[in-house]
Amino acid sequence: MRSVPPVHPEFMLEPIFDQIGSGREAIGLGRRREAGLDTRHGTVLSLEGISVSFDGFKALNDLNLYIGVGELRCIIGPNGAGKTTMMDVITGKTRPDSGTAYFGDTLDLTRMSECQIAQAGIGRKFQKPTVFEALTVFENLELALKADKSVWASLVARLSGEQRQRIEEVLATLRLLPLAQRQAGLLSHGQKQFLEIGMLLVQEPRLLLLDEPVAGMTDAETEFTAELFRSLAGHHSLMVVEHDMGFVGSIADHVTVLHQGSVLAQGSLAQVQEDERVVEVYLGR
Amino acid sequence: MLRLLFTLLLLLPLATQASEGEFFLTAKPAEQASLLETWAAQPDAARLPLLENLRQGRIAENDTRKLRLNNRLRGLIDNTLASHQLLSDQANVRLVAAQQLQKTAQPAQMAFLDRRFASEPDAAVHAALGLALANLQLGASEPAVRLAAVRLLGETGDPLARTRLEALLQPDAETDAAVRIAAETSLAQVQRKLLVGELLGQAFSGLSLGSILLLAALGLAITFGLLGVINMAHGEMLMLGAYSTYMVQVLLQRYAPGAIEFYPLIALPVAFAVSAGVGMALERTVIRHLYGRPLETLLATWGISLILIQAVRLIFGAQNVEVSNPAWLSGGIQVLPNLVLPYNRLVIIGFALAVVLLTWLLLNRTRLGLNVRAVTQNRNMAACCGVSTGRVDMLAFGLGSGIAGLGGVALSQVGNVGPDLGQSYIIDSFLVVVLGGVGQLAGSLWAAFGLGIANKLLEPQIGAVLGKILILALIILFIQKRPQGLFALKGRVID
Amino acid sequence: MNQPLIVTATRKAGTRVSMAVGAVVVLVLLALPLLSLLPDGHALQVSAYTLTLVGKILCYAIVALALDLVWGYAGLLSLGHGLFFALGGYAMGMYLMRQAAGDGLPGFMTFLSWSELPWYWAGTQHFAWALCLVVLAPGLLALVFGFFAFRSRIKGVYFSIMTQALTFAGMLLFFRNETGFGGNNGFTNFRTILGFDITAQGTRAALFLLTVGLLLGSLFLCWRLTQSKFGRLLTAVRDAENRLMFCGYDPRGFKLLVWVLSAVLCGLAGALYVPQVGIINPSEMSPTNSIEAAVWVALGGRGTLIGPLLGAGLVNGMKSWFTVAFPEFWLFFLGALFILVTLYLPKGVVGLVKKRSQP
């Protein structure tokens, strides 16, 4: 099931028929992607020289990071290493003091608003699961669904059969179908995590940012999530921030260690774990 | 016949003060007036005690007979007294006398003033006398004298000089062209100086408004920063403080009239205790149940404020109550001819700054302050560390309300005390909190003074109402640039 | 699967009951103006006082509905809706003053010895333009204020305070004689509307019917809105605005639309209020009035469509009884209502009824 990141994503466009309800089906594999994003050079995200400081404290310090198309990258690092701030910069929540952030080859993220960035194809899952608690599970996905998101469109919007089917597919994949009409606020923590992942999926982003996606999940759920992410890689690019090394080991071939706002080490998990500096940072001095 | 008698009396320098006084007492008002005028033109140091007694409405210290004085006579007595005081050997007495004469001197006194002017050793008194003389000389018949007087007036910054010069520039008032031109230049000079005084005066009343806003907003910022709730009844804490002051005043008047002078000082702890007590009671009974629901708290506390206002209205009546300044808070310092800094406002500014300092010390140097800050930053973590958050909430709410109570004491010394008092300050103090950023003492300080001064500077230019609207618009625009207020903590915002 | 079925069944029964109650209420409201046309002394005749009172409460109900739209659904508690209401009222008042003054100037202007109308009075003798103003004045003000407020992401209590300051500023402005809206006294002594005598029973009845119509229309509009995707987006704005932004929506547009719509509804309510009550003055803009509207919504139940109407009716009904019976205690009662509703009835009367109807 593990898929190797393809060199040319265009080759993956032919439909692959999988059993219904699997992750592949849910993410709309085989559907034609929009032509908007220019990724000719093979990188979906490039951060160069990003610095952010809060009242003198440097949260990010000359950070350089590249994510390839279809790559699944794990970011680890001790608390305060700047992981969340980095995600804030990518999603437009925080503006960097200096440096450039490009989505694909042409979109300058530092000049776009949060919703423009989301529309361009970057989806984010928060550390604490945030869903629309007063709405049902189905309605949550309906709002997240990739569609025209202008005010006018929302006034006249009607769900097409195709869209409804798509939502139900994702719900089935995430094993939330029986709960479709349940109010999202009544879900358990793990179910909310899945719902949020589902909202990301129907958004059909090119790049998914996932902040501690398996926090509060049972072992079985964690295993299921790992499988889901592996199946997503290749067609989507993923950036996963996680503390659970077991989970990291089971999904990533490429790991980046952040420390004090910049990249400390990069490589496979085994390589990184042998790096003396990383050991020092994690075990303390 | 009488006139002759006066002259005779005046020619008797050794005539006793008592007899002059007796004569004054029995004379008719018109005679009293001309007597005073004559005395003013030819002062005699020996007459000083009599004049001082006349000013008190009697002719001698232990004489019980009352003088009936009208306003004109009182003015004449002041003028004559000043004329006599010029003979004093104390420079500051002469200075006050000269300033009085600037306003009241009569042409008959010119010769006397001229003599004193020539022989005056003190520079300040000399200048003041010159001005008084110039005022008189404007009426002289020789253009050269008037010209000199006009020039002299131009060098002062006195509102009186402006009225005199303006009168001179009326169409048929002055015929000599040179004097007219000089008067115009002088008027421009005087107006420039007066403008400085006016602006400073407005800035000062802005500062004093700001210091009251500061006291109101400080408590608000603490409760909002700590508990995340907006207390709409906060203005009523101010009102309770002011009514406590009133009660203290009334009770002291009845039971301890000797201590009445210091009633504002006694009122401070009382007002603090009353407001803080009411605040803590509200926190325990109502607000505690609404944490995490800021909008509901806003409505509930508005309800509380309605009840408090109506209760005060029923107990004390809907009219304003009378709170008077003690003697040591009335009067003021004369800085410029048209700029007096009243003591009560000066004291309030100092008081507000002292309260800010105390609050800062309390929050940054005590155990309670540490707990408050800990709860503000991370309620759950503080609770885990053994901080009793409920108690901290209550105490902080009490502190915030108590500070508002202190603000009420301050307010009672400069404004009206009525049931609606809180309402008129609450919106402005909210704006201070919005502008200053939440939980930021420095921010509140600058925002309060800035808002106060802007209010008072704009008021005379475009009117109070338009000024308020303009300020509101400016705040909205300001928030576009700095959504977190003036002194925001930057950092990761936790959603 | 049994449990949901039962719930749905009771809910359906509940819906049927409330539909029936609603229909009865609408019928009564439609009958009231007709009964008022009966000759004096008739047993069923409804007095002009009652008709005006109910008409006034209906106007307030529209305000409550408009406030609920922004507060209950989109989470924006406005403490300045009285401003929009009053602006609509003043726009209508301008037309009525021109009608009363004929070719001359309105009374208060001659009193101030003004010789001509200020520019913003131009065209107000035409009813159509006055109607445009009823919509434009509150709408544009809401648009400008909302644009800046939402752009800088003012929300929560900050937003409430800014709206309160706004209506306070408006009140101060309209209190001035120089503003040209009659100062303290505002507009009163209206005579005719579209040529009809404003105090005639027929005119009153017609205005009342119009108010009922506007209320039903607003109710329908709000119902359609809240049932659409737009309505669900409003709820999403209220509960997790950031999440919505990361879903690719720009919340500003949604907030702005619902905010302006709400302001316009208030303006229309104000325009119907003025000819029925016969006076408009700046005290309508006082922060107290606006915040009182919030308690109507809270008492009835926010986030529902019926709640605000119920709340407006209940509070104003009680108010008119209290201010006659115990005028001094009305504010105590109102204050206690604010506290009790927020403490014990977070979902309002409607929530209470719903809870009862579900076993």
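The values are calculated or read from the model by the stated rules, or taken from the named source; none is laboratory data. What you see is a predicted model, and the numbers here were worked out from it, not measured in a lab. Ideal geometry is used to build each Cβ from the backbone, glycine not excepted, and the neighbour counts take in all protein chains shown.
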Could we say that C:LEU244 is facing another protein chain (nearest Cβ under 8 Å), without any contact (Cβ under 8 Å) to a residue 40 or more places away in the chain and closer than 19 Å to C:LEU133 by Cα here? no
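Here is a yes/no grid of residues against (1) among the aliphatic types (A, V, I, L, M); (2) surrounded by fewer than 23 Cβ atoms within 10 Å (Cβ to Cβ); (3) farther than 24 Å from A:ARG206 by Cα:
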position: A:LEU60; (1), (2), (3): yes, no, yes
position: A:PRO78; (1), (2), (3): no, yes, yes
position: A:GLY82; (1), (2), (3): no, no, no
position: A:MET86; (1), (2), (3): yes, no, no
position: A:LEU107; (1), (2), (3): yes, yes, no
For segment A:105-190, give me every one of the helices (runs of 4 or more DSSP H) that falls completely inside it and has 1 or more residues that are farther than 26 Å from C:ARG224 by Cα. A:114-120, A:161-173
Could you list, in sequence order, all residues of segment A:134-147 that are surrounded by fewer than 19 Cβ atoms within 10 Å (Cβ to Cβ) and more than 21 Å from the chain's Cα centre (by Cα)? A:ALA134, A:THR136
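Every residue, every condition in (1) under 14 Å from the mean Cα position of the chain (by Cα); (2) more than 10 Å from every other protein chain (Cβ to nearest Cβ), yes or no:
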residue: C:ALA240; (1), (2): no, no
residue: C:PRO251; (1), (2): no, no
residue: C:GLN276; (1), (2): no, yes
residue: C:LEU305; (1), (2): yes, yes
residue: C:PHE329; (1), (2): no, no
residue: C:PHE338; (1), (2): no, no
residue: C:VAL350; (1), (2): no, yes
Kindly evaluate C:GLY156 against the criterion of being more than 11 Å from chain B (Cβ to nearest Cβ) and not polar (S, T, N, Q). no
Consider only pairs whose beta carbons are under 8 Å apart and that are at least six residues apart or on different chains; among these, list those whose first residue lies in segment C:41-55 and is surrounded by fewer than 17 Cβ atoms within 10 Å (Cβ to Cβ) and whose second residue is of a type in the set (Ser, Thr, Tyr) and modelled with pLDDT of 90 or more. C:LEU53/C:SER320
Within segment C:226-238, can one find any residue that is within 12 Å of chain A (Cβ to nearest Cβ), surrounded by fewer than 22 Cβ atoms within 10 Å (Cβ to Cβ), within 30 Å of C:VAL353 (Cβ to Cβ) and modelled with pLDDT of 95 or more? no
B:TYR343 vs. criteria in contact with a Phe, Trp or Tyr (Cβ under 9 Å, 6 or more places away or on another chain), surrounded by 14 or more Cβ atoms within 10 Å (Cβ to Cβ) and not aliphatic (A, V, I, L, M): yes
Residues C:PHE108, C:PHE145, C:PHE84: which one is in contact with a helix residue (DSSP H, G or I) (Cβ under 8 Å, 6 or more places away or on another chain) and within 14 Å of chain B (Cβ to nearest Cβ)? C:PHE145
So if I check each of B:THR175, B:THR156, B:THR163, which one is among the polar types (S, T, N, Q) and more than 29 Å from B:VAL340 (Cβ to Cβ)? B:THR175
Cβ contacts < 7 Å: first residue within 19 Å of C:ALA269 (Cβ to Cβ) and of a type in the set (Ser, Thr, Tyr), restricted to segment C:214-235; second residue in a helix (DSSP H, G or I) and at pLDDT 95 or above, any location; separation 6+ or different chain. Result? C:SER218/C:ILE62; C:SER218/C:LEU65; C:SER218/C:LEU265
Can you name every residue in segment B:294-340 that is farther than 19 Å from B:THR245 by Cα, of a type outside the set (S, T, N, Q) and loosely packed, with under 13 Cβ neighbours inside 10 Å? B:GLY331, B:ILE333
If we keep just the residues of segment C:159-209 that are surrounded by 16 or more Cβ atoms within 10 Å (Cβ to Cβ) and in a loop (DSSP other than H, G, I, E, B), which is nearest to the other protein chains (Cβ to nearest Cβ)? C:ARG176
Among the listed residues B:GLN202, B:GLN191, which satisfies the condition of being farther than 30 Å from C:THR342 by Cβ, in contact (Cβ under 8 Å) with a residue 40 or more places away in the chain and assigned to a helix (DSSP H, G or I)? B:GLN202
Can you find, within segment B:48-102, the residue that is modelled with the lowest pLDDT among those that are of a type in the set (Gly, Ala, Ser) and within 32 Å of the chain's Cα centre (by Cα)? B:GLY57
Answer yes or no: is there a residue in segment B:393-404 that is in contact with an Asp or Glu (Cβ under 9 Å, 6 or more places away or on another chain), of a type in the set (S, T, N, Q) and assigned by TED's automatic domain parsing to the domain that holds B:ALA221. yes
